[in-house]
Amino acid sequence: MTAAALPPGRPADDVLAELRALRLSDAPTRGGRTFAYVYDSGLDGLDELASAAYSAYATVNGLDMTVFPSVARLENDIVRSAAALLGAPGVQGTFTSGGTESILLAVKTARDHARAVRGVREPRMVLPSTAHAAFHKAAAYLGVEPVVVPVDRETYRAPAAAMADALDEHTALVVVSAPSYAHGVIDPVEEVAAAAAERDVLCHVDACIGGWLLPYLRRAGREVPPFEMTLPGVTSLSVDLHKYGYADKGASVVLYRDGELRRHQYFAHARWPGYPVVNPTVQGTKSAGLLAQAWAVLRHVGDDGYTALARQVSVASDRLLAGLRAVEGLRILGRPTGGLVAFTLDGERGAGDGDLSLVLHLADEMRLRGWYLQPQLGFDGMPPNLHLTLTPATVGQVDALLADLGAALTAARALAPVGVDPELAALAATLDPDTLGPDEAAYVLAYAGLDGNGNGNGNGGSGEDGDGSGGGGGGAAVKERMAPVLAMLDALPAPLKERLLAEFVGSVFRI
């Protein structure tokens with residue numbers, strides 16, 4: 001007799017109570033104290049509207065618009081709004097599950113377009129070193145070679161001349177960001193797009209974060225350089241509605257210069273005995289709930305509402321930047337435009353390249369005070385830093401954040417520098433990520449205290465487990481102090497770091 005796949009059925013109230021209890025170990029998504037991953041409009045009733053709209057369409061299958069014609073109506077309305085905000089005459093687009101899917105589709109479209117129109121058989125994609133990881137994911141999935149151009153070390157922007165020089169007969173796509181996630185700066189879109197157009201290369205603007213904010217910031221009086229599809233050389237653009245559109249995750253749009261270019265995104269198959277298949281996106285069957293809730297949120301907030309929300313972000317940004325610049329030893333990276341800010345800290349070394357220990361200790365100290373600032377490790381000459389995402393919900397939190405930041409920084413400076421255990425460093429130096437077995441990887445993770453349940457002997461550094469719980473069947477415990485773990489990761493070569501991170505995630509999702 002086989003074991004039961006599920007426990008005995010329980011009353012609905014009990015099931016919902018367990019879900020609510022599980023949420024208690026998560027970072028809060030409302031209240032303005034989580035400065036990453038969360039985009040909160042602060043508008044009363046918006047969450048309830050999105051939930052009701054989702055429920056109305058949760059059982060509708062978005063796979064076939066001939067059976068559910070309202071799906072086409074909702075998507076066309078959303079894409080029409082995005083095209084009016086960001087496009088030019090003739091622009092066409094598709095609603096997707098998020099920025100990663102929008103980027104995957106844009107890269108696929110460019111690859112297939114290059115094959116069909118220019119005969120490119122070994123496609124390449126030119127992108128700045130600050131381009132989102134989703135482009136590298138797309139390159140790995142789709143067999144496109146990434147050609148990475150280092151960004152300017154002062155501005156953190158893609159260098160237009162170097163980007164143009166990297167284009168060749170194999171280039172299917174060139175990528176720029178508006179803004180980049182890591183530092184919140186806008187690349188020179190107009191110059192790069194013009195250079196791409198001269199060479200008949202497609203140009204994609206990653207406006208997943210800024211696409212639904214920057215135009216409204218401009219309307220609110222902020223100076224924003226052109227980045228939209230009104231620029232002749234821009235051939236595609238991605239914009240997430242679950243970021244500064246304040247829809248629930250996941251909701252995004254990918255736009256193309258015209259329908260002929262978008263055609264390369266589609267997958268169609270009629271050579272099987274079932275129904276004829278046409279998939280505009282990676283997904284086939286999908287609930288129309290996310291489409292409906294995004295449509296409802298956009299229609300409810302409206303142009304004037306988004307302009308007002310953008311103005312709030314602008315005010316919060318000015319206050320935050322002024323407060324950060326007043327902190328001794330703190331340095332804002334680049335010239336952030338919009339809702340993203342990254343800053344580093346220079347310690348006693350005075351080298352100007354960011355003090356890793358101080359940055360990581362500050363992140364831990366702020367977490368202990370109830371704030372989440374996202375640590376970003378050093379890369380390609382860019383210093384380690386802390387990343388903040390501003391939303392209208394943070395407007396009333398900026399002063400409290402800055403006050404706690406000052407106290408947290410004093411506490412962080414009093415802590416001993418975090419170091420990597422010499423034995424662990426020596427072990428890591430002998431490991432080949434290509435031949436590393438799962439048992440060896442698990443040993444290194446446990447040694448560093450990063451084994452999916454927060455266990456391990458802690459030799460990678462000090463720190464105690466917080467009140468998060470892995471629970472039965474896996475799950476990552478929340479550690480109060482992540483500085484030792486992140487310092488260890490920072491010291492590893494990138495290929496080994498990637499291998500261990502994949503192993504760590506595998507240890508979290510286990511049965």
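As a check on your grasp of the helix formula, calculate [θ] at 222 nm for the chain: sum -39500 (n - 2.57) over DSSP H runs of n ≥ 4, divide by the residue count, round to the nearest 500. Present the calculation step by step, with values, prior to reporting the outcome.
Values: 16 runs with 207 residues, N = 511.
Roughly -13000 deg cm²/dmol at 222 nm, from the helical runs in the chain.
Please compute the length gained on full extension between Leu19 and Arg369, using 0.36 nm multiplied by the number of residues separating them and subtracting their Cα-Cα distance.
Numbers: separation 350, 0.36 × 350 = 126.00 nm, distance 2.56 nm.
123.4 nm is the gain from fully extending Leu19 to Arg369.
For the chain, what is the charge dipole size about the Cα centre, in debye to the nearest 20, if Lys and Arg each add +1 at the Cβ and Asp and Glu each add -1 at the Cβ?
I would put it at about 1220 debye.
Work out the length of the dipole vector of the stretch 159-236 about its Cα centre, built from +1 on the beta-carbon of each Lys and Arg and -1 on the beta-carbon of each Asp and Glu, and round it to the nearest 20 debye.
480 debye
If I model a spin label at Glu260 and Val117 as a point 7 Å from the Cα along the Cα→Cβ vector, what separation in nanometres do I get?
Between Glu260 and Val117, the label points sit 0.8 nm apart.
Just to confirm, what accessible area per residue do you get for the stretch 312-451 at 1.4 Å probe, in whole Å²? Display every interim value, and only then the final one.
Details: 5890 Å² over 140 residues.
Value for the stretch 312-451: 42 Å² per residue.
Points 7 angstrom from Cα along the Cβ direction at Ala268 and Arg335: gap in nanometres?
Between Ala268 and Arg335, the label points sit 4.8 nm apart.
Can you give me the % of accessible surface on the stretch 239-365 that is carbon or sulfur? Probe 1.4 Å, all protein chains present, nothing else counted. Mind dumping the intermediate values first?
On the way: 2880 of 5420 Å².
With neighbouring chains kept in place, the figure for the stretch 239-365 is 53 percent.
How far apart, in nm, are two points set 7 Å out from the Cα along the Cα-to-Cβ line at Leu6 and at Thr29?
Between Leu6 and Thr29, the simple spin-label model gives 2.3 nm.
May I ask you to work out the translational diffusion coefficient for the stretch 1-96 at 25 °C, viscosity 0.890 mPa s, via Stokes-Einstein with Rh from the Kirkwood sum over Cα pairs, reported in whole µm²/s?
Values: Rh = 18.0 Å.
Result for D is 136 µm²/s.
Rounded to the nearest percent, how much of the accessible area of the stretch 80-176 (1.4 Å probe, protein heavy atoms only) is carbon and sulfur?
Details: 1970 of 3850 Å².
Here carbon and sulfur together make up 51 percent of the probe-accessible area.
Once the dipole of the chain is set up with Lys and Arg at +1 and Asp and Glu at -1 on Cβ about the Cα centre, which of Ala116, Pro89, Val395 lies farthest towards its positive end?
Pro89
Please give the peptides 81-90, 259-268 ranked by average Cβ packing (other Cβ atoms within 10 Å per residue), highest first, as a rough proxy for protection.
The densest-packed peptide leads the list: 81-90, 259-268.
Among rounded, prolate and oblate, which fits the stretch 386-433 when a ≥ b ≥ c are the square roots of the eigenvalues of its C-alpha gyration tensor, a/c under 1.5 means rounded, and a/b larger than b/c means prolate?
Working: a/c = 8.79, a/b = 2.09, b/c = 4.22.
Oblate, since a/c reaches 1.5 and b/c is not below a/b.
What ratio of Cα Rg to 2.2 N^0.38 Å holds for the stretch 66-132?
Expressed relative to 2.2 N^0.38 Å, the Cα Rg reads 1.40.
Which loop trypsin sites (Lys or Arg not before Pro) in the stretch 67-158, with loop taken from DSSP, have no more than 15 other Cβ atoms within 10 angstrom of their Cβ?
Those satisfying the criteria are Arg121, Arg153.
Which of the peptides 388-394, 502-508 is most tightly packed, and how do the rest follow, judged by the mean count of other Cβ atoms within 10 Å per residue? All intermediate terms of the calculation are to be shown ahead of the outcome.
On the way: 388-394: 24.4, 502-508: 16.1.
Going by the mean number of other Cβ atoms within 10 Å, highest first, we get 388-394, 502-508.
How much length, in nm to one decimal, is gained on full extension between Glu423 and Ala326, taken as 0.36 nm per residue of separation minus their Cα-Cα distance? Before the final figure, lay out each step's value.
Values: separation 97, 0.36 × 97 = 34.92 nm, distance 4.03 nm.
That works out to 30.9 nm of additional length.
How large is the accessible surface per residue of the stretch 105-224, computed with a 1.4 Å probe and reported in Å² as a whole number?
Per residue, the stretch 105-224 has 38 Å² of solvent-accessible surface.
Can you give the charge dipole size of the stretch 1-87 about its Cα centre, rounded to the nearest 20 debye, using +1 on the beta carbon of Lys and Arg and -1 on the beta carbon of Asp and Glu? Could the numbers behind the result be given before it?
Details: 7 positive and 11 negative charges, 28 e Å.
I would put it at about 140 debye.
Among Ala310, Val485, Pro276, flag the residue with its Cα farthest along the positive direction of the charge dipole of the chain, charges on Cβ as +1 for Lys/Arg and -1 for Asp/Glu.
Pro276
How would you classify the chain from its alpha-carbon gyration tensor, with a ≥ b ≥ c the square roots of the eigenvalues: rounded for a/c under 1.5, else prolate if a/b is greater than b/c, otherwise oblate?
Numbers: a/c = 1.34, a/b = 1.22, b/c = 1.10.
Rounded shape, in that the Cα axes give a/c under 1.5.
The values are calculated or read from the model by the stated rules, or taken from the named source; none is laboratory data. Because the structure is predicted, anything quoted here is derived from the model rather than measured. Glycine gets a Cβ as well: all are built from the backbone with ideal geometry, and neighbour counts include every protein chain shown. Please note that ligands, DNA and RNA were not included when accessible areas were found on the heavy atoms of the full protein model with its side chains. Shrake-Rupley method; radii C 1.70, N 1.55, O 1.52, S 1.80 Å.
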